[in-house]
Structure formats: structure tokens, C-alpha cells
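Remarks on the structure that follows.
Read-outs: derived from the displayed coordinates by stated rules, not from any lab. Keep in mind that this is a model prediction, so the values were computed, not measured. A quick note on method: Cβ atoms are made from the backbone with ideal geometry, for glycine too, and the neighbour counts reach across all protein chains shown.
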Amino acid sequence: MKLFTINKNGKFVPYKEHDFGKIKQEADLEVLLENNPEYFFEGSKVLIIGRQVTTNLNTFIDLLGIDKAGNTVVIELKRGKTPRETVAQLLEYASFVENLDYSQLNDIYQDYSGEESSLEDYHQQYFQNELDENVSFNKSVRLIIVAQKISKEIKQTALFLRKKGIDIYCMEFKYFETRSGEKIISSDFVVGEEEFIRHKVQSASLPKVDEKQFLSSLDKNGLKVFQQIFEFAKQRGLMFRWGSKGFSLNVELDDGFVGLFFGYPPNSVFKQSIYTGFEEVAKKVNNSEEIIEFYKEHLEHLGYFIKAKSNLKWLIDKEYSEDDVKQFLGIIEKVILKIKQRGSK
């Protein structure tokens, strides 16, 4: 396939195709797919939850994702031509991923993202599912091979597997540059789209933000709210745990810590918001039911927290007064006291 731009004189200017494998590393391809899954998987957006995920056989899955229906997606990347063992490698990964339960998938997502928000909540926001839409995670596994050149042996084997009910795809990509240095990547499914078939796991992590980066990403409404929250937290010695986008605010106990809520900036799928940490309280605090009931009831009474699956969220999309923030922090102060009185499990 050839690609052209058209110059001001109406002439075609060709993009020069390059061998991606000679000028880029496989990690470069991982980053491209990791950052742009919606462009590589047209009509089938994928949420990437892990990179270089360690299997039980101490091998590594290039990218692990979840689709809108909650199915797992195993992605194997080859910057050049696919060797004969690629399919066997992918099937080995699938045999591992198929046995992961939601808790393990959630751990992979949290390790990778650096966030303590649940995979279920992030998935709902990422795909904009209805709040009452229940997703059953890992009902099936989709397999995708991405390479600059899919060999005829791999195509033939992948087509055979599809006929046998294995949901496998092969996608080729091409890498071009113009004379001016502009870069372009094209992609095309060569197997799959034409006949679509109806221990703790470790993952590499995304870089984490810090307070300065977080504050600089806020709009004026968010800045007003979060600066007040940060001042409150520092005065009381609360602990911040930073992720790739936002943070969790935690109260420290003698034998650990408990997440109180999560803060997110405008460029997160959660938008500029605060999410409660009911699961954290339930998981780590003795007799937590009463605390969660108190927490939920008082936040709902404020009038600006809305339901977000099993939690509540405050979408900071307009100006809130200093008193609005103080009321919220007053509730947090009481929740902290209750947690300290009950202690951790």
C-alpha cells in the first residue's frame, strides 16, 4: 500500500515506507498501542490494564486489555515479521489469562495504573457504561497479534483456530515518513475482521504524577477545591498515594492505611472529580458497615455527590464555595475518627 499527501501544486508527494524493526524497538510499538488503543482497534475500543504482565510460567504478556463487555484481550507485538512460534506463545498466555478472576485483574490494573480505584469503576467510566449495567469480567479471551508482517504460516494457523472457535486476530501495520519527517502508521486486520467469530500478577507501571503536576492540570474550579483539600490533609498528617493521573487520600493506622477518597484531574476518564473509597473502608476496617452508612448518608445530604456504581462521586464542573468544601472535609474528619476508633481488620 502506498500513501501520499497532495502539495499546493496538486502533486502527489509519497510517504516513504520504513522497516519499523530497523529503526524502532518493540517497546516503542508497545507505547504506541498502549497510548492509542482506540485507533488500532477500530469499532472495538480496548482498555489497557497491564504491560509486560508476568505469567505463572514467568513469561511476559506484551499488553493485556479489557473490552467493553469485560472480556480480556491478550496482545502480542512483533515489530518485524512474525516467527512461527508466535501463535503457540499467544495460546500459552491465553491459558494463563483465562483463569484470572476479577480480583486478580483488578490487582493487575491497580499495579499498572498506580491507582487504587477499582477496575470496575474505571471500566464503567472508560466505556461510559450505564451505572446499572453489570459487566461480567473475563467470560472469554480475545487474542491479537500485531506485526509489521504477518507470515503466511501465522495467517493459516490463525484462520484454522478461528474456525475452531478461538477468537484470534492478526493485524499488520506499516510505518511511513514524508520528506519533511512527518510520520504515519497504517493498520489493517488480515485475519479476524472479515469473519468475526460470534500468586499475584505483576505488570510494568505507568509514571506517577505528583502534587505540582496534579494542581497544574486543574481548571480554576478544581484548583479552588483541591487546594483546600491539600491544606486540610497536610495539617492532619494524612497520606497521599499518587497514581498515573490522580491520588488517594489515606488515614494511617498502626498496621497499615485506609483510603478515604480519590481525586482526579480533568484529563482522567473520571473527569475532574472526587470518588469515595467505600471498598477500602469495607476491606480494611473492623465493623465497617456503620461507617460506610454514615459516610454515604452525609455525602448524599450535601447535594453535590451522585451515585457512581458502588461509590459516590463529586464532579467538580462548576464553582463551589469554600463552605461547600468545608462541609465535605467536616464529614471526612468524622469518618477518620470512626475509622481510628474501630481499627483495622
(message) Per 0.36 nm of contour for each residue apart, how much would the distance between GLN235 and LEU337 grow if the chain were fully extended, relative to their Cα-Cα spacing?
(response) 35.2 nm
(message) Explain nothing, just the number: dipole magnitude of the stretch 211-342 about its Cα centre with +1 on each Lys and Arg Cβ and -1 on each Asp and Glu Cβ, in debye rounded to the nearest 20.
(response) 300 debye
(request) Would you grab the residues whose amide H sits under 5 Å from the one on SER117? Only those 5+ places off in sequence or on another chain, please, with H modelled 1.01 Å from N. (result) none
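Take the residue pairs LYS139/LYS345; LYS45/LYS81; LYS208/LYS234 and return only those whose Cα atoms are more than 27 Å apart. Mind showing how you got there, number by number?
On the way: LYS139/LYS345 32 Å; LYS45/LYS81 25 Å; LYS208/LYS234 20 Å.
Where the Cα-Cα span goes over 27 Å, the pairs concerned are LYS139/LYS345.
For a quick protection proxy, order the peptides 305-311, 315-321, 245-251 by their average other-Cβ count within 10 Å, most packed first.
Working: 305-311: 16.7, 315-321: 14.3, 245-251: 23.7.
Answer by packing, highest mean first, reads 245-251, 305-311, 315-321.
Any chance you could run the full-extension gain for LEU302 through GLU289? It's 0.36 nm times the residue separation minus the Cα-Cα distance, nm to one decimal. Kindly include the intermediate steps, with their values, before the conclusion.
Working: separation 13, 0.36 × 13 = 4.68 nm, distance 2.04 nm.
Extending this stretch completely gives an extra 2.6 nm.
Compute the length gained on full extension between LYS11 and LYS68: take 0.36 nm times their separation in residues and subtract their Cα-Cα distance, giving the result in nm to one decimal.
Working: separation 57, 0.36 × 57 = 20.52 nm, distance 4.29 nm.
Fully extending the segment from LYS11 to LYS68 adds 16.2 nm.
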(request) Would you order THR59, THR82, THR54, THR72 from fewest to most other beta-carbon atoms within 10 Å of each residue's own beta-carbon? (result) THR59, THR54, THR82, THR72
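State which entries of LYS174/LYS212; LYS78/LYS309; LYS212/LYS326; LYS68/LYS164; LYS212/LYS318; LYS11/LYS152 exceed 32 angstrom in Cα-Cα distance in the structure shown.
LYS174/LYS212; LYS78/LYS309; LYS11/LYS152, as the Cα separations exceed 32 Å there.
What does the highest-first list of 223-235, 258-270 look like by mean Cβ count within 10 Å? It would help to have the intermediate numbers written out before the result.
On the way: 223-235: 16.2, 258-270: 21.8.
The densest-packed peptide leads the list: 258-270, 223-235.
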(message) In whole Hz and in residue order, list the ³J(HN,Hα) couplings for the stretch 138-147 that follow from phi through the Karplus curve 6.51 cos²θ - 1.76 cosθ + 1.60, θ = phi - 60°; x for Gly and Pro.
(response) 6, 5, 8, 10, 9, 10, 9, 9, 10, 8
(message) Under 5 Å between amide hydrogens, which residues at least 5 positions from VAL46 or on another chain qualify, with H placed 1.01 Å from N in the peptide plane?
(response) GLU38
